[in-house]
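Structure record follows, encoded as structure tokens.
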Amino acid sequence: MEEKVLIVDDDPSIQRLLKKVMLSNQLAADVAGSAEQALAMLRTTTYALILMDITMEGMDGFEAVEQIRAARNMTPIIIVSGKNEDYDTLYGLELGADDYVTKPFNPVILGAKVKALIRRNEQAQSSSSRFLTAGPFRFNKSTLRLQKNGEEIPLSSKETRLMAFFLEHPGQVFSKGQIYQQVWNDDFVDENTVTVHINHLRAKIEDTPKNPRHLVTVWGLGYKFIPETE
């Protein structure tokens, strides 16, 4: 069972039922008892799909969905909730959920929905390259996660865009102005901002940030990303 689903619900009986439904469909499952726990788990683990309750203590499921999508995590989400008003369904879908199932639900139908959504998502991902790979680096364009030698490197949103830009243009020299325009999408160039973010990124991806081997300075010109080192 390679594919894993994240179940987010604070009701132990629902947790057990959903886990049983996933297992019956040859899917592994992790359980989070709160939205806060789910968000923490999503920062370290990749899931094929998320089953999200709405009414929970602390952060509710709607806010969790909103935060997941704000973090550019496009994992498919099915809301499974006792709220059955039309506006709840519409609101959940507007926030970025892919489907909305009300409790009580038919386990067979829910299982079919889960497998169909996972299959469609995999097909969509396979239609275009999902990864940027260069040297020891592997960047997942769907989850926006970077790995070096198989170990994940946490990046801020701007560092993520900067790293993706360099991975897409290995060996090319870019001035600070070109980098700012491409990554910040702004014609007004703040070279100091570029320098600060380059230094932050080096601190995370280089073995010796003060003597960088991947993200190097080309004096008088700008910066160049070198995936492989001798």
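Quick notes on this structure:
- Enumerated helices (runs of 4 or more DSSP H) restricted to segment 95-185, each holding at least 2 residues that are surrounded by 15 or more Cβ atoms within 10 Å (Cβ to Cβ) and free of Cβ contacts under 8 Å to residues at least 24 places away in the same chain: 157-168
- Residue satisfying condition, being touching a His at 6+ places or on another chain (Cβ under 7 Å) and modelled with pLDDT of 90 or more, within set I205, I179: I205
- At least 1 residues being open to solvent by 20 Å² or more (accessible area, probe 1.4 Å) and in contact with a Pro (Cβ under 9 Å, 6 or more places away or on another chain) is the threshold, and among the helices (runs of 4 or more DSSP H) wholly inside segment 1-71 those reaching it are 12-24.
- Count - residues of segment 72-94 that are outside any loop (DSSP other than H, G, I, E, B), in contact with a strand residue (DSSP E or B) (Cβ under 8 Å, 6 or more places away or on another chain) and closer than 30 Å to S156 by Cα: 5
The values are calculated or read from the model by the stated rules, or taken from the named source; none is laboratory data. Being a predicted model, the structure only gives us computed values, none of them experimental. Cβ coordinates were reconstructed from backbone atoms using ideal geometry, including for glycine residues, and neighbour counts include every protein chain displayed. These accessible areas exclude ligands, DNA and RNA; they are computed on the full protein's heavy atoms, side chains included. Shrake-Rupley method; radii C 1.70, N 1.55, O 1.52, S 1.80 Å.
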